[in-house]
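Worksheet: one structure, shown below.
The values are calculated or read from the model by the stated rules, or taken from the named source; none is laboratory data. Keep in mind that this is a model prediction, so the values were computed, not measured. Glycine gets a Cβ as well: all are built from the backbone with ideal geometry, and neighbour counts include every protein chain shown. These area figures cover heavy atoms from the full protein model, side chains too; ligands, DNA and RNA do not enter into them. Shrake-Rupley method; radii C 1.70, N 1.55, O 1.52, S 1.80 Å.
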Amino acid sequence: MRTLVYLKQTRFNFPASEVFQWHCRDGAFERLTPPWQEARIIDTVGEIEDNGSIIIKTKIGPMWIKWKLKHADFLNGRQFRDILIKGPFKYWNHLHNVISDGPDSSVLEDRIEFAMPFGIFGTIFGSPKVKRMLKSMFEYRHRVLQDDLTEHAKYTNPESLKILISGSNGLIGSTLTSFLRTGGHRVSRLVRSQSDMTSTDIFWSPNKGIIKTSDLEGFDFVIHLAGENVANGRWNSRSKDKILQSRVLGTKLLSETLAKLKTPPKALLCASASGYYGNSGDTSVNEAHVLGDGFLPMVVQQWEQATKNASDAGIRVINMRLGVVLNPRGGALKKMLTPFKLGIGGRIGTGEQYISWVTLDDVIGAMHHIMTGCDIQGPVNIAAPTPATNAEFTKHLARSLHRISIMPVPAFMIKLLFGDMGKETVLTSTRMDSTKLISSGYRYKFANLGPALDHMLGTHAKHEL
């Protein structure tokens, strides 16, 4: 059996104990899983520190493959191993080693020893691909760890925060939950299905107006992210009503309930959207801009107005007007990947419409900053400071995927297939101004589109246009 080795070392300006503890908290697996790699935990036995085990499944092409790994050689503050018991490799031994380099510095060393299946043929033909995969994966992992530790270090209070999140199963909510838990914070979820509840979850039914007021006492922050997807297909009167009510009813119920509390939260962070501005062409729009025309602006206006009870009660309310959130696990980018990977992607319509994009990493970072790093309130644009036209966006995406972009989609086809939904989403131009958030002290991790796409897709390309 020929054993191969992959090694990645990175220096962190954080104590070894802090870097190590981050890896042992709930959410670490999810934070370290690259967004281009589908992977899920399906069972755990014990913990890392007591040499427990974990079963995960990863998707390779159309197939899901199970891995059973045993934790071993745990040394608190220093190291642990993941050893493959059953899975796609003949041998797999991953050492997570954190080496102290003084009181405020350490080196993280990920060392993987592995052997390919199918003997010499697997080694010759499979190992180069595995090494490229590992290089992309661990560059991503170490970047995320560096960013997360830096973000958490901004909150200097030794007490962990108690945070309540609605919409925790969505792309943003699930990622935010993992981020906060790896930072040592206590997260509870607002859930609509009692069968899915854990001991820390709170049940609510926005459509029936059900929520127990006393359950909401004692939270430092409440983050409301729940809402029906606006881009699931053509709109009709029923789907429009569902989109509107999913935002207004839940927001109003939560706002009214928080206003009644004896100890209300320090802030309510409520999702909102760039849809407030409608089609604004190439005009740069800030939070003081007039309401746009159309269905989505009307929805966002009522959505934000539904937080009024909380703000009237003296609670700091932040209406987070999110741009197009980019992550290959969901949303617009996920839908675009297949045609672009096949080489049949291209601009939509004229390609001149602006896309106010933002990475999921920066959405999470902005929320943490709003909670712990500033006193910002009211509407706030959360979008990268460099909006891109649709033509620019598609060129960058094609370059990140090492594909061509030569198949434009005419605007009339979008209108024919999707009606008003297509007209108010992919054909609408919104150029958001992020000055308010930046002036409050937030620094974007990804301000430029090309490097952002490379990070999320595990690629590297030249993006000069």
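Could you tell me which numbered condition Lys252 fails, if it satisfies all but one of (1) within 25 Å of Gly330 (Cβ to Cβ); (2) buried (at least 19 other Cβ atoms within 10 Å of the Cβ)?
(1)
Do you know which of the residues in the range 45-63 that are part of a strand (DSSP E or B), under 23 Å from Phe138 (Cα atoms) and open to solvent by 50 Å² or more (accessible area, probe 1.4 Å) is modelled with the lowest pLDDT?
Ile60
If the Cβ limit is 8 Å and pairs must be 6+ apart or interchain, which residue in the range 117-133 that is open to solvent by 20 Å² or more (accessible area, probe 1.4 Å) pairs with which residue that is assigned to a helix (DSSP H, G or I) and not acidic (Asp, Glu)?
Listed by first residue and then by second, the contacts come to Pro117/Gly126; Phe118/Gly126.
Can you spot a residue in the range 408-418 that is among the small types (Gly, Ala, Ser) and either buried (at least 21 other Cβ atoms within 10 Å of the Cβ) or assigned to a loop (DSSP other than H, G, I, E, B) (or both)?
Of the range 408-418, the ones among the small types (Gly, Ala, Ser) are 411.
Those left that are additionally either buried (at least 21 other Cβ atoms within 10 Å of the Cβ) or assigned to a loop (DSSP other than H, G, I, E, B) (or both): none.
Looking for residues that are among the small types (Gly, Ala, Ser) and either buried (at least 21 other Cβ atoms within 10 Å of the Cβ) or assigned to a loop (DSSP other than H, G, I, E, B) (or both), one finds none in the range 408-418, hence no.
Is it the case that the range 167-184 has a residue that's aromatic (Phe, Trp, Tyr) and open to solvent by 30 Å² or more (accessible area, probe 1.4 Å)?
No, the range 167-184 contains no residue that is aromatic (Phe, Trp, Tyr) and open to solvent by 30 Å² or more (accessible area, probe 1.4 Å).
Please state which of the following conditions Glu159 fails to meet, knowing it meets all the rest: (1) surrounded by 15 or more Cβ atoms within 10 Å (Cβ to Cβ); (2) modelled with pLDDT under 95; (3) not in a helix (DSSP H, G or I).
Unmet condition: (1).
Looking only at the range 185-204, filter to residues that are open to solvent by less than 20 Å² (accessible area, probe 1.4 Å) and part of a strand (DSSP E or B); which one of those is farthest from Arg31 (Cα to Cα)?
Looking at the filtered set, the residue picked out is Trp204.
It is to be established whether one or more residues within the range 224-244 are within 29 Å of Ala332 (Cα to Cα) and part of a strand (DSSP E or B).
yes
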